1. Just checking: which of the strands (runs of 3 or more DSSP E) contained wholly in the stretch 802-884 hold 3 or more residues that are within 27 Å of Arg489 (Cα to Cα) and of a type in the set (Val, Ile, Thr)?
2. Show the residue pairs that are 6+ apart or on different chains and have beta-carbon atoms under 8 Å apart, the first residue being within the stretch 827-842 and β-branched (Val, Ile, Thr), the second being assigned to a loop (DSSP other than H, G, I, E, B) and open to solvent by less than 20 Å² (accessible area, probe 1.4 Å).
3. In the set Lys315, Lys259, Lys239, which member is of a type in the set (D, E, K, R) and modelled with pLDDT of 75 or more?
4. Applying the selection to the stretch 199-234, what residues are over 28 Å from Leu170 (Cα atoms) and open to solvent by 10 Å² or more (accessible area, probe 1.4 Å)?
5. Evaluate the stretch 114-129: report whether one residue or more is hydroxyl-bearing (Ser, Thr, Tyr) and open to solvent by less than 30 Å² (accessible area, probe 1.4 Å).
6. Across the stretch 885-908, what is the number of residues that are open to solvent by 60 Å² or more (accessible area, probe 1.4 Å), in contact (Cβ under 8 Å) with a residue 24 or more places away in the chain and assigned to a loop (DSSP other than H, G, I, E, B)?
7. Does any residue of the stretch 952-972 turn out to be open to solvent by 20 Å² or more (accessible area, probe 1.4 Å), at pLDDT 85 or above and outside any loop (DSSP other than H, G, I, E, B)?
8. Restricting the search to the stretch 448-469, which residues are within 27 Å of Gly535 (Cβ to Cβ) and part of a helix (DSSP H, G or I)?
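The values are calculated or read from the model by the stated rules, or taken from the named source; none is laboratory data. Since the structure is predicted, the reported quantities are computational estimates derived from the model, not experimental observations. Neighbour counts run over all protein chains shown; Cβ positions are idealised from the backbone, glycine included. With ligands, DNA and RNA removed, areas are computed over all heavy atoms of the protein, side chains included. Shrake-Rupley method; radii C 1.70, N 1.55, O 1.52, S 1.80 Å.
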Amino acid sequence: MSKKDLVTIIIVNFNGGELLARSVRQAFTSNTPVKLIVSDNASTDNSIPLLEQEFGSDSRLTVIHNSSNLGFAKANNVALDQAEGDFILFLNPDCLVQVDTISQLLEVFRHNDQAGMIGCRVLNPDGTEQKGCRRRVPTPWRTFVRVLGLSYFTRSTEWLQGFDMSKEPLPEKPVPVDAISGSLMMVSRRAMNDVGPLDEGYFLHCEDLDWCMRFNLKGYSVLFVPDVDVIHFQGFSSKQRPVRVMWHMHKGMMRFYNKFFLHRYPWPLVIVVALGVWSRFLALVVQHIFRSTTELLHRMLVRVKQFFSSESEDKLDPSFLQFKTNSQPAQSRVLIMGARSQVGHFLIPRLINAGYLVTATSRKKVRSAAIHELEWRELDLSSEDEFNLHEDIANVISLAPIWLITSRISELASQGMRRLIFFSSTSRFTKLESGYEGDRKLAKRLAESEERLIEECRKHNIAWTLFRPTMVYGCGMDRNIFSIAGFIRHFGCFIMAGEGKGRRQPVHADDLADACLKALDNEHTYQQEYNLSGGETLTYTQMVRLIFGLLGRKPRVCFVNRSLMNAMASMISVLPGLHHVTPAMLGRMEEDFCFDHARAAEDFSYDPRGFLETSYYSHFSYRPNAAEKNKHVLSELKKKKILVTGAGGFIGFSLCRYLVARGCSVYAVLRDARQLHELGSQVTPVVIDDLCEVHDWQEMLADIDVVVHLAGYVHERAGNLSEKAGLQCTRLNVGVTRRLATAAASAGVKRFLYVSSVKVHGETSNHDESVTEYIDLYPEGSYAKSKLTAENLLREIESTTGMETVIVRPPLVYGPGVKANFLRLMKLVEKGIPLPLAAVDNRRSFIYLENLVDVLALSLVHPAAAGETFLVSDDECVSTPVLINMLADRLGVTPRLFPISVQVMRLLAAVGGERSTVDRLVQSLVINATHVRDTLDWEPPCSMEQGISKTVYWYQQLYDPVQARPSQLAAYASSW
């Protein structure tokens, strides 16, 4: 090998961590001979030891140990003395080249004699183009244009152009640019000797701009190569000292301006630019200090709260919270990547219920109950972190963006993967000819990622299946159906460009989860691609009208002239967060995006549901099959002896009524026997004034088959209770539960049903995510913590005695006899009192009383319920404004809503001592009840619309505002 063929790579390192070794490893795989010099600026981390441990004996590597941090420019220049060859590649330690990156850049040099420096397309880990890899010189005028935002309005007017070019169309061939990114610069030694080395007056940042400027001034072209990509984990070492980095960045910018533009622009503009640069620096420093201080105070507050909170010291073993006890040994383990996506919410319980062990990954740490069948791992696919899997994971289902897993195939294959199901999108076809460049880029990216991934699978002999779904919905995390619903919630109408004749096939995320399970071990699906559409084809307008119905609103669709809407979209798209609103997006409302899933139906019995088939919109019809489908199971209730605590309460009365109707002998623990007088002789009242005083339950539990424990501390407010109330809460929710369950196990009770609360998951959930039994345990306040403590005690008793235990966690229950906040809300709506809730954009789950009683009764006898914990809810989750509209519609009044900032409402509520009430009205809490529905084959007998109607009927006809008499509730209960 001659020195002429050699390319020297220079990497300046300062605390580059594991990325440095990875960057070097990638460089050494190049198909071009290389020599690599690492100029280390006195790093204090393990980056150099890791590098020398792996490549210390490699003659191609030279490490220069600088005595101090010399800065980027000087450290590069130090290494130049040892560089060999006609071309030198300056590379950042967090930049990863491909096998043919260097050879492709050399080829460009050979065809461009005047080229002095070459760069390529630098990508973020998520595959998007990184700012700065092609740019114009940031002259004072361009800086002024950028500050005023003028470049957002037009890119065709040269004098209004900004200096970033990453959003502009990619050229088809290498083109000259003003500057490229310093993360990767290949230079010709001949040109460098003429221009000179990097300016050591820059410590960090802007030295690459300076060098590009000097190359251009000397007549050498700086080329950008669009078809060569590298990945850059930007700012890895810079994050460690952000203020220092910001100082050098702005200092470098001032040096750049003074060096090249001080005498070319009028001095007033130079002064304005200088003031702007240093004002920006000060603003960024203040912002950084504010964020750092806020985070520090938050951490301190959490620690102080933990120190003084006795509940926070509970060391409860979450392994008692078993959700599935399989009688058969588990099948192989399945890895789900991107498991917190819409499909993941439905796929995890499906796999566990099918007997698989599941390892689920998420970008963020997931706090989860310790379930034998489920393990959560933190993994950011866009990062450089290696992922060590269990040796027995052969099956992988990737729900993450397809371009993020392409580079992981070799890693997964080396650790045992032999089966891969991955998702792309039909957007690769529908957006290919779009008039919007971003759409075309996405389509191209999807197509290229599919090809690369399939090729990688073939190379490693992996059985792959590709799914391309259409418009996905199901958990409120999508950008299509949920965005339409959000617009309708905010404005009460929907604006349609044109007539909305384009046909769609929305597909539910649970149908995609079902497809994954069916295809996993089906050899007919190996090496196959499937387009997965929904079970119903409807026009865009029909789809929007159905969403109106789902939200309980009358359809108000405004059809606007297409040309006018295109003009409006062009203006709106320049606003932050609205760049996706383009004329091309509006044009798609008139286009058909339909795909045939016949092959999927033939190969693995793919059978998707119709659009919103699971919602209460379906003509609000009663679903008799839901009540009858488990008729044979519920028949087991007949002649059962069941003890119910809290039998005189809101839920207890209805449950006793239901059980009596099924032929059960009910022993009702309550304070006043008159509460159940109407239920007749099949109910035996057990009058106990204070359950905390009962220490011997044996006599009451003789010959009892099942215990339903409903009694507990009744609360209305969130947060921690007073010391006295908190003590009573613990005594009743924990102490009574422990004594009752221990006695029940000793008495030979077969099953113990405990009604807990969704509050063990916290008071809120993210707006776009739902709570499942498998994750998210964040009890807040004495009540929720006591409930979780009781749950764990029950699991401990179950594990030592064998008594079957079922735990049910309902959200807010409404129905005839409802009290507290729901009753207050109905009164306010009926009286026409204006409510400041129009701006609330939340989602909350509820459960109608009859639905809760139905699932409780089924849990008493269903064999699959043993050992389970269930979150239960109605089919629908609604926002507070939608709930108010539904109540007003049934009450026959006009809802009076007006918008006020949520922050202002909370402030006013805090002054009035009603903060917890307001929080429940404005925050989200969404339940995913897939587990109970799949395990027990259960459906709520009543839709939410029916539940609201029956509740309002009770309120209007039977409720006495002064005193609610039990006989009135009994009169209502007799009607169902």
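1. Answer list for the stretch 802-884: none.
2. Between residues of the stretch 827-842 that are β-branched (Val, Ile, Thr) and residues that are assigned to a loop (DSSP other than H, G, I, E, B) and open to solvent by less than 20 Å² (accessible area, probe 1.4 Å), the close pairs are Val840/Ser879.
3. On the way: Lys315 fails: modelled with pLDDT of 75 or more; Lys239 fails: modelled with pLDDT of 75 or more.
Among Lys315, Lys259, Lys239, only Lys259 is of a type in the set (D, E, K, R) and modelled with pLDDT of 75 or more.
4. Asp199, Glu200, Gly201, Phe203, Leu204
5. The answer is no; no qualifying residue exists.
6. So the count comes out to 4.
7. Within the stretch 952-972 (the criterion being open to solvent by 20 Å² or more (accessible area, probe 1.4 Å), at pLDDT 85 or above and outside any loop (DSSP other than H, G, I, E, B)), the answer is no, since none of the residues qualifies.
8. Hit for the stretch 448-469 is Glu450, nothing else.
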